[in-house]
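A.B. asks: Let me give you the structure first, and then I'll get to my questions.
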Amino acid sequence: MADQEKDKRMQIDDVLDSLLVNYSSTEPRPGLETRILANLREAEEKKALERWWNFKWIWAGMVTAAIIVAVLLIGGRHRVAPPTDLIVKTGPTIPQPEIHPNAPAVRNETARIHPHKSLAPTRPQNATLALNERPANFPTPAPLSEQERMMFMYLANTPKEVIVAQLPRNNDQQESEAFWADRELGQGTRRSTTNQ
Amino acid sequence: MAGQAILGDMVLRSELAMEAAAPTIETLVAEHSQMVFRIAYSILRNHHDAEDAAQECFLRVWKHKDRLHEVSNTKTWLARIAWTTALDKRRAGRKTVSLNDGECGTELMESLSDGTPAADEQLAERQNQQLLQRLIAGLPDDLAQTLELSTVQELNSAEIAEVMKIPEGSVRTRLFRARKQLKEKLAVLLEIKKHG
């Protein structure tokens, strides 16, 4: 009975050992190393490609950012000058007499009309408005200076012959008069000799 | 000056020695791919899955290839990676294995018959392995995993202990318990065969 039990236990041990020995004694398919190395190479290439793509995206991002900044700068430059300054700047190009009483009023009026408009539309409007406001007598006469006033008074109070006599004569006129005088004199003597 | 040169030479030599000692990934594949495959097969019990696990194991190693010189025992380090990779893979696609003793007993009776023809030996062996697989699957996880690693020819109990990060004594204890439980189940099956 005990021998049977022992034999049974030994038989079970043998069966278990034989089963366990072969449990993992399998061989992989031929070329396992090659396949593993090929897979590793593929992974390395994939990683290199991913790295390159990352750099490419960085460069693309930088270029896009640069383009956006450039567009913003160019677009902002067109909108820099406020309209009131432009009107003040364009004012001096249109002749405005300082003594004209309406001149400051006109300038203020244009400033009020176009408070927030950009340069392109306001420039012709300002020019038209300035032309409409131009005085009828242009250029506007300025008051006489002291010297001019004294000269006009002298002319008014002095006889015309005196003034003409005081006019300076140049040499040509004198020579011309002398020539004709001599000529008239010569003709007179010749006429008298022929009459004789 | 001469002392500095000697010191620099020594440092250079030690660095070169370290570089020479550090195994390349190709060396690891050539030396340990079979072991890695068998460890994976002992857990997954499928050639295709075992090869996938081996590929994944070496990919994990490749990701840490710059630190290979820090590894003291490449064999157990690689075995641990293979073991954890295979366990992860098994958890990902785990199927519940039901152990039906009656069905196993029938298979065992067929396979343990003395007069098996030589042509049927391969089929019988496969059936025996399937039976053992089911018996091991019925064990607690810690016993089953220890037993599975012990079936890999390349690993001794000390290395299994290092792979599982447990003392070597615990490995021996677990193996003893696992065998005991398996023998009890086999005894039941043999009893069924005898009385059946």
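The values are calculated or read from the model by the stated rules, or taken from the named source; none is laboratory data. Nothing here was measured: the structure is a model prediction, and the numbers come from that model. Note that each Cβ is placed from the backbone with ideal geometry, even for glycine, and that neighbours are counted across all protein chains shown.
A.B. asks: So, A:Lys8, is that one more than 14 Å from chain B (Cβ to nearest Cβ) and basic (Lys, Arg) or not?
C.D. replies: So A:Lys8 fails the test.
A.B. asks: Looking at (1) at the interface with chain B (Cβ under 8 Å from one of its Cβ atoms); (2) in a helix (DSSP H, G or I); (3) of a type in the set (Phe, Trp, Tyr), which is the one condition that is false for A:Trp52?
C.D. replies: Of (1) at the interface with chain B (Cβ under 8 Å from one of its Cβ atoms); (2) in a helix (DSSP H, G or I); (3) of a type in the set (Phe, Trp, Tyr), only one is false for A:Trp52: (1).
A.B. asks: Would you check which residues across the stretch B:21-73 are of a type in the set (S, T, N, Q), crowded, with 21+ Cβ neighbours inside 10 Å and touching a residue at least 60 places away in the same chain (Cβ under 8 Å) and list them?
C.D. replies: Selection gives B:Ser42 alone.
A.B. asks: Looking for something assigned to a helix (DSSP H, G or I), within 11 Å of chain A (Cβ to nearest Cβ), surrounded by fewer than 20 Cβ atoms within 10 Å (Cβ to Cβ) and modelled with pLDDT of 85 or more - is there at least one such residue anywhere in the stretch B:132-139?
C.D. replies: For the stretch B:132-139, residues assigned to a helix (DSSP H, G or I), within 11 Å of chain A (Cβ to nearest Cβ), surrounded by fewer than 20 Cβ atoms within 10 Å (Cβ to Cβ) and modelled with pLDDT of 85 or more: present.
A.B. asks: Mind listing whichever residues of the stretch B:155-196 are outside any helix (DSSP H, G or I), more than 14 Å from every other protein chain (Cβ to nearest Cβ) and buried (at least 17 other Cβ atoms within 10 Å of the Cβ)?
C.D. replies: Correct list: empty.
A.B. asks: Now for a separate question. Go through (1) at pLDDT below 85; (2) over 30 Å from B:Glu154 (Cβ atoms); (3) not in a loop (DSSP other than H, G, I, E, B) for A:Gln11 and report which single condition fails.
C.D. replies: Evaluating A:Gln11 over (1) at pLDDT below 85; (2) over 30 Å from B:Glu154 (Cβ atoms); (3) not in a loop (DSSP other than H, G, I, E, B) leaves (2) as the failure.
A.B. asks: For residues in the stretch B:111-122 being assigned to a helix (DSSP H, G or I) and away from chain A (no Cβ under 14 Å), which is modelled with the highest pLDDT?
C.D. replies: The selected residue is B:Asp120.
A.B. asks: Among the residues of the stretch B:90-108, is any within 13 Å of another protein chain (Cβ to nearest Cβ), out of contact with any strand residue (DSSP E or B) (no Cβ under 8 Å at 6 or more places or on another chain), surrounded by 15 or more Cβ atoms within 10 Å (Cβ to Cβ) and at pLDDT 65 or above?
C.D. replies: Scanning the stretch B:90-108 turns up no residue that is within 13 Å of another protein chain (Cβ to nearest Cβ), out of contact with any strand residue (DSSP E or B) (no Cβ under 8 Å at 6 or more places or on another chain), surrounded by 15 or more Cβ atoms within 10 Å (Cβ to Cβ) and at pLDDT 65 or above.
A.B. asks: Does A:Ala38 meet the test of being within 14 Å of another protein chain (Cβ to nearest Cβ), assigned to a helix (DSSP H, G or I), at pLDDT 80 or above and more than 60 Å from the chain's Cα centre (by Cα)?
C.D. replies: The answer is yes for A:Ala38.
A.B. asks: Does B:His48 satisfy the criteria of being out of contact with any Lys or Arg (no Cβ under 6 Å at 6 or more places or on another chain), part of a helix (DSSP H, G or I) and away from chain A (no Cβ under 14 Å)?
C.D. replies: no
A.B. asks: Take the residues of the stretch B:140-154 that are among the aliphatic types (A, V, I, L, M) and surrounded by 22 or more Cβ atoms within 10 Å (Cβ to Cβ): which is nearest to the other protein chains (Cβ to nearest Cβ)?
C.D. replies: B:Val152
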